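What follows is one structure encoded as structure tokens, with my remarks underneath.
Nothing in this text is a laboratory measurement; each read-out follows from the coordinates by a stated rule. All of these numbers come straight from a predicted model, not from anything done at the bench. No Cβ is skipped: glycine too gets one built from the backbone with ideal geometry, and neighbour counts run over all protein chains shown.
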Amino acid sequence: MLDVEAVRARFPALMATDGDGRRVVHADAPGGTQVPEAVITAMADYLRTSNANQHGPFERSRRTDALCDRVREQAASFLGADADGVVFGPNMTSLTFHFSRAATVRVGEGDELVCTRLDHDANVSPWLALAGRTGAVVRWVPLAPDGTLVTAALDEVVTPRTRLVAFPRASNAFGTLVDPAPFVAAARAVGALTFMDAVHAAPHVALEQARDGVDVLVCSPYKFFGPHAGVLSADPALLASLRPDKARAAPDAGPERWQTGTASFEAIAGVGAACGYLAEVGMAAVREHEISLSRRFLDGVERLPHVRLHGPGDPHRRTPTFAVTLDSRDPAAAAGQLAARGVQVWSGHYYAVEPMRALGLLQGGGAVRIGFAHYHGPADVDRVLEALGELRPAGRGV
């Protein structure tokens with residue numbers, strides 16, 4: 001069991017209070033988590049003691065080389081992957097576009113790419129662009145009304161012409177968890193690649209890329225208590241088989257071949273510290289705690305008739321991220337009213353354009369997104385529920 005107060009004490013930003021002296025509820029975790037002191041220290045220490053480019057003949061450069069090697073190992077352990085296939089980048093979106101351009105040689109006119117109606121647009125737009133360049137066709141795995149994917153449709157959507165199957169491990173909009181197994185099985189049956197967006201899943205569930213058989217995984221450390229950066233992880237042989245855009249003088253082999261320009265080494269130091277922090281806390285403990293938070297929120301929101309939840313109602317089938325709409329309130333206005341009560345949330349589509357369109361929410365301004373992390377406790381959930389309760393329409397009782 002997590003000691004939530006001990007966890008919170010490690011995050012300086014969580015000590016902030018509102019105008020009434022109450023702690024601010026950072027329920028905007030899906031848009032970017034807060035960072036522990038260890039991450040801040042690691043980044044600052046790198047800049048103080050090791051700030052130099054790679055592969056030089058002097059000590060600071062050697063420290064940078066050692067840092068990159070060490071953090072690749074840490075990231076591989078966190079992702080259940082091979083360190084030789086870990087690529088650092090500025091963000092997940094840039095890395096996905098980068099990979100999609102390199103994958104152009106594997107796709108021809110009339111070939112097919114599979115996306116889902118649950119994905120963040122960063123795992124949709126690169127494949128739409130690839131289809132536009134090559135004359136390929138994008139096919140879709142549909143979304144059910146409860147915010148889960150209709151995986152039975154894979155039997156029809158994936159065909160011998162399929163070259164890539166893109167899917168999320170979890171939804172940044174509705175919190176839906178997605179089992180990789182049916183996507184991997186369908187892709188393997190026709191020799192297609194799998195590309196998994198693990199951005200939203202990374203802070204909530206253990207990732208096992210190699211065990212799950214996923215060819216390419218992408219994630220964003222700023223969503224799992226680290227700095228703004230991106231990580232792509234793939235089979236080293238797959239990376240070696242493709243020709244990414246790069247400067248002529250850049251390395252011709254290994255993961256650095258995929259890193260355009262000089263990396264943000266201080267960010268890489270922060271990524272290592274975030275991975276180390278989560279290894280210490282333990283993803284099993286994180287998951288157990290967050291299921292209890294989800295259960296508490298789901299039970300509470302059922303007692304608020306003016307609040308409608310979009311997404312799975314089972315705490316075991318989701319992360320503690322919730323999309324809600326409120327009777328007679330625009331999502332943006334509702335988010336502002338919650339902020340005035342010391343509850344920080346997001347509104348809109350959060351780049352989850354396809355899911356919002358599929359559930360008919362896009363034209364109405366999307367939804368209010370409330371997202372917890374393991375550093376939240378029952379009191380935070382209750383604060384959010386209390387604030388939502390105060391937004392009931394005039395004249396409506398409890």
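Numbers for the structure displayed
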read-out: Contour excess over end-to-end distance, with Cα ends at Val150 and Ser328 and 0.36 nm allotted per residue; value: 61.0 nm
read-out: Ser61 paired with Glu390, simple spin-label distance in nm, labels 7 Å along Cα-to-beta-carbon; value: 5.8
read-out: Förster radius 41 Å - calculated FRET efficiency between Thr41 and Glu109 (Cβ-Cβ, nearest 0.05); value: 0.20
read-out: The range 279-314 residues near the modelled Met1 label - backbone nitrogen below 17 Å, point 7 Å along Cα→Cβ; value: 284-296
read-out: Values of log10 I(q)/I(0), in the order q = 0.11 Å⁻¹, for the range 285-369 under a Debye, Cα-only, solvent-free model; value: -0.31
read-out: Stretch in the chain that is longest and holds no GluC sites (Glu not before Pro) that DSSP places in a loop and that have at most 14 other beta carbons within 10 Å; value: 1-108
read-out: Tail beyond 15 Å, pair distance distribution of the range 1-55 (Cα, percent); value: 64
read-out: Fraction of antiparallel bridges per DSSP, the chain only, in percent to nearest 5; value: 55
read-out: Along each principal axis, Cα extent of the chain, largest first, Å; value: 68, 54, 33
read-out: Sum of -39500 (n - 2.57) over DSSP H runs of 4+, divided by residues of the chain (222 nm, nearest 500); value: -11000 deg cm²/dmol
read-out: Pair Asp121, Ala279: separation of 7 Å Cα→Cβ label points (nm); value: 3.7
read-out: Alpha-carbon centroids, the range 97-129 and the range 303-328: separation in whole Å; value: 31
read-out: Top of Leu293, Leu113, Leu278 by mean-square fluctuation, Gaussian network on the chain, Cα under 10 Å; value: Leu278
read-out: Calculated P(r) tail over 18 Å for the range 295-343, as whole % of Cα pairs; value: 35
